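Q: Just dropping this structure here.
The values are calculated or read from the model by the stated rules, or taken from the named source; none is laboratory data. Everything quoted here is computed from the prediction, not taken from an experiment. So basically every Cβ, Gly included, is an ideal-geometry build from the backbone, and we count neighbours across all protein chains shown. Protein only, heavy atoms only, side chains kept; ligands, DNA and RNA dropped before computing areas. Shrake-Rupley method; radii C 1.70, N 1.55, O 1.52, S 1.80 Å.
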Amino acid sequence: MSNMGRQIEIGPTDNTSNERTPRSRLHLIPEAARASFAPYAPYNYGIAPSESDMTRIAAGRPRAQGDPIKVTGKLMDQFGRPIRNSLIEMWNANKHGRYTHIEDHSGLPLDPNFLGIGRTLSDDEGNYEFWTIRPGEYLARPDIGRYRPKHIHMSIRGGSSRMITQMYFAGDPHNDTDPMRILMGDNFDKNIGQEFATPDEGFDCGYKFDIVIGGKNPTFFETT
Amino acid sequence: MAQPETKSNLLTATNEDTLGPYYPISLCDNDSMDLTVIRSGIIHKPVGEKITITGCVKDINGQLANGCLLEFWQANANGIYRTPDNETHELLDPWFNGYARHRTKDGNFTLTTIKPGACGERAPNITLTLFSDGIMRVVTQLFFEDEPSNETDALLLSIPEELRERLMIKKTGSGDYNIEIIMAGDNETPFFDDLLS
């Protein structure tokens with residue numbers, strides 16, 4: 001097994017994980033092929049500034065129900081180098097734990113003033129920020145009473161940087177039973193937003209969430 | 001995924017996490033599964049053979065894996081990838097980016113593209129990144145059957161011979177190809193580890 005990579009584990013109580021997790025270990029990539037695995041996404045995003053304020057559907061419209069929060073952090077590779085001009089897509093449930101997604105059939109209350117979808121770009125230092133409503137937890141497995149804890153989904157794409165991850169909240173009673181959190185083990189701390197005060201900004205509080213993209217090809221070196 | 005202990009001073013990577021079932025469909029609005037068109041309404045087309053690859057993603061039970069997010073990445077007909085390092089390469093095709101992204105509602109997909117050329121010693125291939133509910137990201141590369149260069153490709157040679165067949169895009173007609181991705185179980189598609197490699 002010397003030339004094999006990780007064995008992806010199956011999230012406990014996660015039916016989809018059981019159905020979709022490869023049973024074989026991942027194969028290591030020979031050096032001659034490694035660079036070809038890092039896609040380079042062209043950037044033609046055309047993002048409107050209001051897309052980073054998820055607390056309103058559009059500028060000038062009423063604020064959504066629940067606690068408005070700020071999320072900010074820095075995108076980096078494992079050497080601490082900033083990942084610039086990367087597209088960050090965010091999506092989260094409303095304060096009741098309901099997504100506006102057409103396939104969310106939970107029946108939980110919708111908020112007419114909450115879309116739950118946003119986008120932003122990291123700046124020249126790799127920093128990003130956006131605003132949203134603190135999401136509610138929701139019952140993901142009614143048959144066994146297992147909840148998904150509060151979480152915000154984030155996709156990072158730009159240049160060759162690839163990641164989809166979730167930011168969680170410290171102290172959520174449902175964190176400990178979440179299947180993916182269980183797989184993360186002690187490294188789960190990396191996925192918790194660190195709360196900070198935002199006096200006079202009109203938000204409940206802020207969360208610092210730095211994102212480190214792993215792997216040897218997270219960014220291309222600039223040639224100029 | 002727990003990372004092996006190391007004395008390295010590299011920062012610990014943030015854990016990747018499942019896509020979940022509710023990836024916003026509208027976030028793919030500006031993405032395209034037709035790599036032969038960079039901009040609509042322009043007469044220029046990329047160099048090379050236009051092909052259409054239909055395919056599907058299946059789970060351990062042979063059921064279509066709905067809601068997956070697929071990303072494709074490939075070289076142009078000359079085997080050149082559009083990376084920053086290649087920005088002034090004479091064989092870079094100005095009408096070809098090589099990157100596509102798509103959320104499949106039901107597990108099926110159709111990619112219209114140019115048949116990639118061989119990049120150096122590598123056989124022509126398309127990188128596929130797969131995000132889904134229930135899993136972290138997995139990556140693989142898809143090859144074209146009947147390409148002589150498959151016999152010497154470093155990645156194909158790195159996996160057991162009996163698995164290579166599962167990475168082959170099958171020709172089904174003139175310019176038409178098909179591939180089935182099996183996420184788990186019998187005939188599981190070989191996936192690669194781009195974090196540890």
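Q: I'm trying to understand the selection: among the residues of the range A:172-220, which are touching a residue at least 24 places away in the same chain (Cβ under 8 Å) and among the hydrophobic types (A, V, I, L, M, F, W, C)?
A: A:M180, A:I182, A:L183, A:I192, A:F203, A:C205, A:F209, A:I211, A:V212, A:I213, A:F220
Q: Let me ask something additional. Return the residues of the range A:12-56 that are within 30 Å of A:N94 (Cβ to Cβ), open to solvent by less than 10 Å² (accessible area, probe 1.4 Å) and in contact with a Leu (Cβ under 6 Å, 6 or more places away or on another chain); say none if nothing qualifies.
A: Across the range A:12-56, there are no qualifying residues.
Q: Please go through the range B:75-96 and pick out each residue that is open to solvent by less than 70 Å² (accessible area, probe 1.4 Å) and touching a residue at least 40 places away in the same chain (Cβ under 8 Å).
A: If the condition is that a residue be open to solvent by less than 70 Å² (accessible area, probe 1.4 Å) and touching a residue at least 40 places away in the same chain (Cβ under 8 Å), then B:A75, B:N76, B:A77, B:G79, B:D93, B:F96 are the ones that fit.
Q: Within the range B:55-65, is there a residue that is touching a residue at least 40 places away in the same chain (Cβ under 8 Å) and farther than 21 Å from B:V139 by Cα?
A: no
Q: Something else about it: Of the residues that sit in the range B:122-131 and are among the aliphatic types (A, V, I, L, M) and over 19 Å from B:Y23 (Cα atoms), which one is surrounded by the fewest Cβ atoms within 10 Å (Cβ to Cβ)?
A: Only one residue fits best here, namely B:A123.
Q: For residues that are buried (at least 22 other Cβ atoms within 10 Å of the Cβ) and of a type outside the set (A, V, I, L, M), scanning just the range A:161-181, find the one that is farthest from B:Y99 (Cα to Cα).
A: If we take residues in the range A:161-181 being buried (at least 22 other Cβ atoms within 10 Å of the Cβ) and of a type outside the set (A, V, I, L, M), then A:D178 is farthest from B:Y99 (Cα to Cα).
Q: Check B:I43 against each of (1) facing chain A (nearest Cβ under 9 Å); (2) without any contact (Cβ under 8 Å) to a residue 24 or more places away in the chain and name the one condition it does not meet.
A: The one condition B:I43 does not meet is (1).
Q: Moving on to the next point. What are the residues in the range A:159-182 that are more than 17 Å from A:I211 (Cα to Cα) and more than 9 Å from chain B (Cβ to nearest Cβ), if any?
A: If the condition is that a residue be more than 17 Å from A:I211 (Cα to Cα) and more than 9 Å from chain B (Cβ to nearest Cβ), then A:G171, A:D172, A:P173, A:H174, A:N175, A:D176, A:T177, A:D178, A:I182 are the ones that fit.
Q: Suppose we keep only residues that are within 30 Å of B:G120 (Cα to Cα), without any contact (Cβ under 8 Å) to a residue 24 or more places away in the chain and more than 7 Å from chain B (Cβ to nearest Cβ) within the range A:1-31. Which one would you say is nearest to the chain's Cα centre (by Cα)?
A: For the range A:1-31, the residue satisfying everything is A:E31.
Q: Of (1) in contact with a Ser or Thr (Cβ under 9 Å, 6 or more places away or on another chain); (2) more than 14 Å from every other protein chain (Cβ to nearest Cβ); (3) open to solvent by less than 50 Å² (accessible area, probe 1.4 Å), A:I156 satisfies all except one. Which?
A: So A:I156 meets the others, but not (2).
Q: Can you confirm whether the range B:114-121 contains a residue that is away from chain A (no Cβ under 12 Å) and either touching a Leu at 6+ places or on another chain (Cβ under 8 Å) or buried (at least 20 other Cβ atoms within 10 Å of the Cβ) (or both)?
A: Yes.
Q: Can you spot a residue in the range A:32-43 that is assigned to a loop (DSSP other than H, G, I, E, B), more than 7 Å from chain B (Cβ to nearest Cβ) and either touching a Pro at 6+ places or on another chain (Cβ under 7 Å) or over 30 Å from B:G62 (Cα atoms) (or both)?
A: yes
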